[in-house]
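Okay, so here's the structure we're looking at.
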Amino acid sequence: MRTLKNPFITSSYESAEYFCDREQESRNLIREVTNGNNLALISTRRMGKTGLIQHCFHNPEIKGNYYTFFVDIYATKSLRDFVFSLSRVIVDGLKPFGRKAIEGFWNSVKSLQGGITFDPVGNPSFNLQLGDIHSTEATLDEIFRYLERAAKPVIVAIDEFQQVASYTEKNVEALLRTHVQHCRNARFIFAGSQRHVMGSMFTSASRPFYQSVSMMYLESIDLAEYAAFARAHFEKGGRQIEPGTVESIYERFDGITWYVQKMLNTLYSITPEKGQCTVKMIPEALQNILDSNNYTFQEILFRLPERQKQLLIAINKEGEARAVTSGGFVKKNSLPSPSSVQAALKGLLEKDFITHEQGVYRIYDRFFGIWLEENY
């Protein structure tokens, strides 16, 4: 196991050593899928769903006994996009198991055979283009036929699963539910960050996935666990961290995993060996992060239509904005009109610049929000 220069990971998954807590959640997830259940994993963005799934996939109980595939469908807009992404993930996921494993997929998915080739040594290449998928439903059927016949049981994790509800095709949920229901050799983890959409998909009696999964909600890691995790890694790196530092970060960012990790990553990098990280260093670390994103944030605002920009700044000033189309909100923030706010709101939600949960609108990127406070 390699030792990292900075132990506070902000992208991908490294190993259990650099993964904070989630012991109970890991046990629950592993128990559900290994006992034949499908699972809906729901949380706000950047709370650590992906890390938790990857952590469980590396657990010996799963790693040695299952094929595991993780597909992020956040950027997909149609069933064809979904099929293309899933196909690529399966080929990549089978590579460590050798040519025979990949040939099992190649032999099952006849419609994609021209896009998967092997060099003389047996290494596969995925040369498929999106336009090469001519009959989407037929290819999807072949993929599920492969999952049913795979040499090992399979676990498929689909991240940002709520996207399928907005696909151009209207029958995707029902189609996927039918395939999932009849696939006995595979278990599925449906992860999503839009609670109201995911909740409706799995708890509404009128939706195809109703009562078809176990439900799991991912909350913040316990503060005491995070503080102990941070202290241990600072000490292992020959540094100290002042009591209260993690608590200050945790409270400012509502315990959302990625922001806590990013702040700790930066604090660790500016704390010299044999030095101590203190609460007073938090503003410097935060400013470093904002400075590194300054150009990106400027470009975001420059490219936004003026009314969306005005509304974004107004929502950010509120922190937690409610009734944003009301006359009171419009007047208070000098916005043009309720109808123009409604149109701007739709655009900001579609671009994921803001979130909407339980009647509350707030800016999605907390660092962007702090930058806006400082500049507008």
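When only Cα pairs under 8 Å and 6 or more residues apart are kept, what is the percent relative contact order across the range 304-375?
36
Given only helices, namely DSSP H runs of n ≥ 4 each adding -39500 (n - 2.57), what is the per-residue ellipticity at 222 nm of the chain, to the nearest 500 deg cm²/dmol?
Result for the chain, helices only: -14500 deg cm²/dmol.
Could you line up His356, His134, His55 from fewest to most neighbouring Cβ atoms inside 10 Å?
Arranged by neighbour count, lowest to highest, His356, His134, His55 become His134, His356, His55.
Over the chain, what number does the Rg to Rh ratio reach, with both radii from the alpha-carbon atoms and Rh per Kirkwood?
Ratio of gyration radius to Kirkwood radius for the chain: 1.00.
What is the chain's relative contact order, in percent, from Cα pairs under 8 angstrom and six or more apart in sequence?
17
Using C-alpha positions alone, give me the convex hull volume of the range 108-169 per residue in cubic angstrom.
Here the figure is 130 Å³ per residue.
Over the chain, what is the percentage of antiparallel beta bridges among all DSSP beta bridges, to the nearest 5?
Of those bridges, close to 30 percent are antiparallel.
Out of residues 5 or more away from Ile116 or on other chains, whose amide H comes under 5 Å of its own, with H placed 1.01 Å from N in the peptide plane?
Correct list: Asn127.
Which percent of Cα-Cα pairs in the range 111-230 sits in each 10 Å bin, short to long?
The percentages, shortest bin first, are 10, 31, 32, 17, 10, 1.
Which of rounded, prolate or oblate describes the range 1-160 when judged by the alpha-carbon gyration tensor and an a/c cut-off of 1.5?
It comes out prolate by the Cα gyration axes.
May I ask which residue of Ala165, Phe97, Phe57 lies farthest towards the positive end of the charge dipole of the chain, with charges of +1 (Lys, Arg) and -1 (Asp, Glu) on Cβ and the Cα centre as origin?
Final value for the positive-end residue is Ala165.
Starting from the range 166-220, pick out the trypsin sites (Lys or Arg not before Pro) whose DSSP state is loop and whose Cβ has at most 13 other Cβ atoms within 10 Å.
Passing both the DSSP loop test and the Cβ count: Lys170, Arg184.
Neighbour counts of other C-beta atoms within 10 Å: give me Trp371, Trp258, Trp106 arranged from fewest to most.
Lowest count first: Trp258, Trp106, Trp371.
Antiparallel DSSP bridges in the range 22-217: what percent, to the nearest 5?
15
For helix 223-236, report the angle its Cα long axis makes with the longest principal axis of the Cα atoms of the chain; keep it between 0 and 90° and round to the nearest 10°.
90
Quick one: which residues, 5 or more positions from Gly275 or on another chain, have an amide H under 5 Å from its amide H? H modelled 1.01 Å from N in the peptide plane, none for Pro or chain starts.
Placed amide hydrogens put Gln240 under 5 Å from Gly275.
Work out the FRET efficiency for Thr3 and Asp222 from their Cβ-Cβ distance, taking R0 = 30 Å, and round it to the nearest 0.05.
Step by step, r from the Cβ atoms, then E = 0.70.
With only alpha-carbon pairs counted, each pair once and no self-pairs, how large is the Kirkwood hydrodynamic radius of the range 304-375 in angstroms?
Value: 11.9 Å, from the Cα pair sum.
Read-outs: derived from the displayed coordinates by stated rules, not from any lab. All values reported here derive from a predicted model rather than from experimental measurement. Here Cβ is always computed from backbone atoms with ideal geometry, including for glycine, and neighbour counts include all displayed protein chains.
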